[in-house]
Amino acid sequence: MSYLASLWTQLIAWVSTHLVEPAVLFLHIADTAGNPLEISEALLIALLQLFIIGFIFRPLETLAPAERWEDRKLTRIDRLYTLLMLLGLFPLFSYLVLTPFANMLGGLGGEAEAGPAVSSGLKHWVPWFEDHPYLLFLVYYLVYDCVYYWMHRAQHAIPWWWALHSMHHSQRQMSCWTNDRGSYIDGVLQSFILATVGLAMGVEPSEFALLGLLSELVQNLSHTNVRFGFGRIGERLLVDPKFHRLHHMVRDPERPSLHNCNFGQVLPVWDILFGTALYGEKIRPTGVSDPMVDADNDRGLVGQQWQAARRFWGAVRRPAGWRLGEVSFGPDYAPIPSDEAEHLPVPADAGPAGGAPAA
Ligand SMILES: [Zn+2]
Ligand SMILES: [Zn+2]
C-alpha cells in the first residue's frame with residue numbers, strides 16, 4: 001500500500017511539474033490558480049475515475065448486461081455529462097464557488113493558515129477522535145451518506161425538487177455514464193447542502209477529495225447496466241447495480257408505490273432502517289412514466305437543462321409545487337398529483353430505445 005501511495009505522490013509531482021505548472025505559466029494565472037500539486041491531484045483523480053468507468057464498468061455492460069439494447073444512442077448524452085462534470089464543471093465550480101463558500105464559513109483554513117489548525121467540527125466536540133482518525137472518517141462518512149439519503153427522499157417528495165431530479169430519472173438506457181446526468185440547478189443545491197454538512201463536521205478538503213472519489217465510483221458502478229449484484233450480504237452493505245436499478249424503475253401502475261425504494265447513495269443501511277429497501281425484485285425497465293419528463297430522451301444537453309428549469313419554475317411558484325407527494329407535469333408545467341394524472345397518456349413500454357431484461 002505504501003508503494004502505491006508513493007507512486008501516487010510521484011505521479012502527482014510529475015504531472016504538476018510537466019503539465020500543470022507550464023500550463024499555469026502559459027495562461028498567466030499563476031497567482032490565482034492555487035497550489036499546482038492540488039490541481040494535478042484533482043486532475044489525476046478525475047482521469048482515474050474516467051479510466052475506471054471507461055475501461056472497467058463499460059466493458060462489463062457488454063459482458064453481462066442487465067438490459068440488452070439494439071444501440072446505445074441514449075447513453076451518449078450521459079457520457080457527455082460525465083466528461084463535462086469531471087473535466088470542466090466540477091473543478092470550476094469547486095474553485096469558483098465551493099472554496100470561497102468554505103472560506104466564508106471559516107471552517108477551512110487550508111494552506112493559507114500555517115501552524116497547527118484549530119480543531120473544528122466533530123474533533124472539537126469529541127477530542128478523542130483526534131487520535132482515531134480512521135474512526136472519525138467513518139463517522140463523517142456515515143453522517144454524509146445519511147444526509148444524502150434524506151436529501152434524495154426530498155428530491156422525490158417535494159414537487160419542485162422532483163422537477164429537477166426527474167431529469168436524472170428520465171434516462172431509459174441507464175448506464176455507467178448516467179450518474180452525472182442531472183440538472184445543474186439541482187447540482188448546485190446539492191453541493192451546498194453536502195458541503196455545509198462537511199464543513200459543520202470539520203472535514204478537511206483532502207478528506208473531501210477521497211470521500212468524493214470513493215462514493216463517485218460506487219455511484220458510477222450502481223448505474224452500470226449489469227445484471228450482477230454483490231450477493232445477499234454484500235448488497236446490504238454497499239449499494240450495488242441491482243439495488244440502484246430498482247430505484248430507477250418506471251412506475252408500475254399495478255404496484256404504484258413499488259418504485260419508491262432504494263434511495264441510498266453508497267450505504268443501503270438507511271433504506272433498511274427507514275423501510276425503503278427493496279431486494280429480490282426482478283430487473284425492470286428504467287425511466288419515468290410522465291410523458292413530459294420522458295421527452296427528455298429526445299433532447300440535447302441544453303434542451304434537458306432548459307426543460308428541467310421550466311418544470312422547476314412551473315412547480316416552485318405554485319402551492320402544488322410544495323405539497324409533498326408524487327407528481328407529473330401538466331400544461332404550463334403545473335405539478336399534478338400522480339394519482340390524478342393517471343389518465344394522461346403513458347408510454348406503453350419503456351420506449352423503442354429502452355431494452356428488455358437480458359436475463
Ligand atoms: Zn432518485
Ligand atoms: Zn441514479
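Only the coordinates and a few stated rules stand behind these numbers; no lab work does. Bear in mind that the values here come from a model prediction, so they are computed numbers and not experimental data. Every residue, glycine among them, receives a Cβ derived from its backbone with ideal geometry; neighbour counts consider all protein chains shown.
May I ask you to sort Glu70, Glu326 by Cβ crowding, counting other Cβ atoms within 10 Å and putting the fewest first? Could you put the intermediate results ahead of the total?
Working: Glu70 8, Glu326 19.
Listed from fewest to most nearby Cβ atoms, that is Glu70, Glu326.
Given 0.36 nm per residue, what is the gain on full extension from Arg299 to Ile56 after removing their alpha carbon distance, in nm?
Working: separation 243, 0.36 × 243 = 87.48 nm, distance 2.83 nm.
Full-extension gain reported as 84.7 nm.
Quickly rank 275-285, 19-29, 171-181 as a protection proxy: mean count of other C-beta atoms within 10 Å, highest first. Numbers along the way, then the final one.
On the way: 275-285: 15.0, 19-29: 13.2, 171-181: 26.4.
Per-residue Cβ counts within 10 Å, averaged per peptide and sorted highest first, yield 171-181, 275-285, 19-29.
Excluding Ile185 itself, calculate the net charge of residues whose Cβ lies under 12 Å from the Cβ of Ile185, where each Lys or Arg counts +1 and each Asp or Glu counts -1.
Net charge around Ile185: +1.
May I ask you to evaluate 6.51 cos²θ - 1.76 cosθ + 1.60, the Karplus curve with θ = phi - 60°, for each residue of the stretch 125-142 and list the ³J(HN,Hα) values in order in whole Hz, giving x for glycine and proline?
So the J values, rounded to whole Hz, are 7, 10, x, 3, 5, 3, 8, 10, x, 5, 5, 4, 4, 4, 5, 3, 5, 4.
So who's got an amide H within less than 5 Å of the one on Arg318, skipping anything under 5 residues away but keeping other chains? H placed 1.01 Å off N, in plane.
none
So what J values fall out for the stretch 72-77 if you push phi through Karplus, 6.51 cos²θ - 1.76 cosθ + 1.60 with θ = phi - 60°, rounded to Hz, Gly and Pro as x?
10, 3, 6, 7, 4, 5
What are the residues whose amide H is under 5 Å from the amide H of Ser328, where those residues sit 5 or more places off or on another chain and H is modelled from the backbone?
HN-HN under 5 Å from Ser328: Ile336, Ser338.
Under the rule of at least 5 residues apart or a separate chain, name every residue whose amide H is placed under 5 Å from the amide H of Glu67.
Sorted by chain and number, the residues that satisfy this are Ala358.
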